[in-house]
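The values are calculated or read from the model by the stated rules, or taken from the named source; none is laboratory data. These figures come from a predicted structure and were not determined experimentally. A quick note on method: Cβ atoms are made from the backbone with ideal geometry, for glycine too, and the neighbour counts reach across all protein chains shown.
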Amino acid sequence: MKYPGKVTLTEVGLRDGIQNECTKISTDQKFDLLTDILDAGFRAVEVGSFVRPDRVPQMADTGELFRKIGDMGRDDVEFRALIPNYRGLENALASGCRSVKIGVSASPVHNMRNYNRTPEESISAFEKIFAKAAEEGIQVIGTVQMAFGSPWDGEIPPEKIMSIVNIYKSFGISRVGLGDTASMANPRSTYALCSALLEKYPEIHFKLHLHTARGLGLSNVLAAMEAGITEFDSSFAGLGGCPFVPEAAGNIPTEDLLNMMNELGIETGVDISKVLEIGRKAEQLTGHSGTSFVLRAGTSADLVRRISGTRN
């Protein structure tokens, strides 16, 4: 097994984790979580999304959060937001956001249902967004949803992913995220797709947003690292997941992902004891437990200390 010595973990709980929670999370509570996330050592955070507040009420204060971030003076951190369209980019710019993520589905059926366009047509419609972002010096990450399979289309051919990446590349996008939106990835398919993309596009930085609804999230991370991927999204307490795909909920819990990296000796720069506190706080704010194993059982080192303590 060949794993990298260092990886980047992006905390997406403030956006993907709580966007569909029934319990209202206030701006001050979100900012408190953000402060804890930075204190834990994260240098990439998905703060929110600039979408219609009537459709996603939990994200209505994303602009306010970014204005608070502007007062922090943290140029060492990438604060990211999801945008769906040009209006979203305008709102992001007005709020001081300097990094945005925009996506399209590799599943033709999924994309047609959501946007009434083919995936390729959707990306071509982003041309105005890409031009404005380049003019303003905004970092853009192009994402591919349903990259590892679709409940409507089944297996997605690698050529379909590559056709989307080709369009992103033609617009100067050098960072591309691959999403397991339907939680259909497995280690074999993950390794195969990531290896093929890294070989064909050495100039593009690929990152993964994996789900673990079927228990394969961490094993897929291992397969992706074997292929050469070094950046992964995760959500505190495992909150969130895609609400629009049947039985696809379940982001990889940050606590579990970080614990695995620590056990493998892979550097992340993130303090797991502080991450565990964030997960507990998130569960208290939402009023329910997440899906993290490590939040329940603690780390192996915690177990050793507890057993040693009882012996003493």
>> Restricting to the range 17-29, and then to whatever is surrounded by fewer than 23 Cβ atoms within 10 Å (Cβ to Cβ) and within 20 Å of the chain's Cα centre (by Cα), can you tell me which residue is modelled with the lowest pLDDT?
In response: 20
> What residue, of 282, 237, 301, 224, is on the phi > 0 side of the Ramachandran plot and either over 17 Å from the mean Cα position of the chain (by Cα) or not in a strand (DSSP E or B) (or both)?
Replying inline: 237
> Got at least one residue in the range 267-277 being in a loop (DSSP other than H, G, I, E, B), crowded, with 16+ Cβ neighbours inside 10 Å and modelled with pLDDT under 95?
Replying inline: no
> If we keep just the residues of the range 35-50 that are surrounded by fewer than 22 Cβ atoms within 10 Å (Cβ to Cβ) and touching a strand residue (DSSP E or B) at 6+ places or on another chain (Cβ under 8 Å), which is nearest to residue 207 (Cα to Cα)?
Replying inline: 44
>> Checking the conditions here, which among 130, 148 is surrounded by 14 or more Cβ atoms within 10 Å (Cβ to Cβ), out of contact with any Cys (no Cβ under 7 Å at 6 or more places or on another chain) and not in a loop (DSSP other than H, G, I, E, B)?
In response: 130
> Among strands (runs of 3 or more DSSP E) lying entirely in the range 1-99, which contain 3 or more residues that are not β-branched (Val, Ile, Thr)?
Replying inline: 44-49, 78-82
> Taking the range 183-217, which residues are in a helix (DSSP H, G or I), surrounded by fewer than 17 Cβ atoms within 10 Å (Cβ to Cβ) and aliphatic (A, V, I, L, M)?
Replying inline: 192, 196, 198
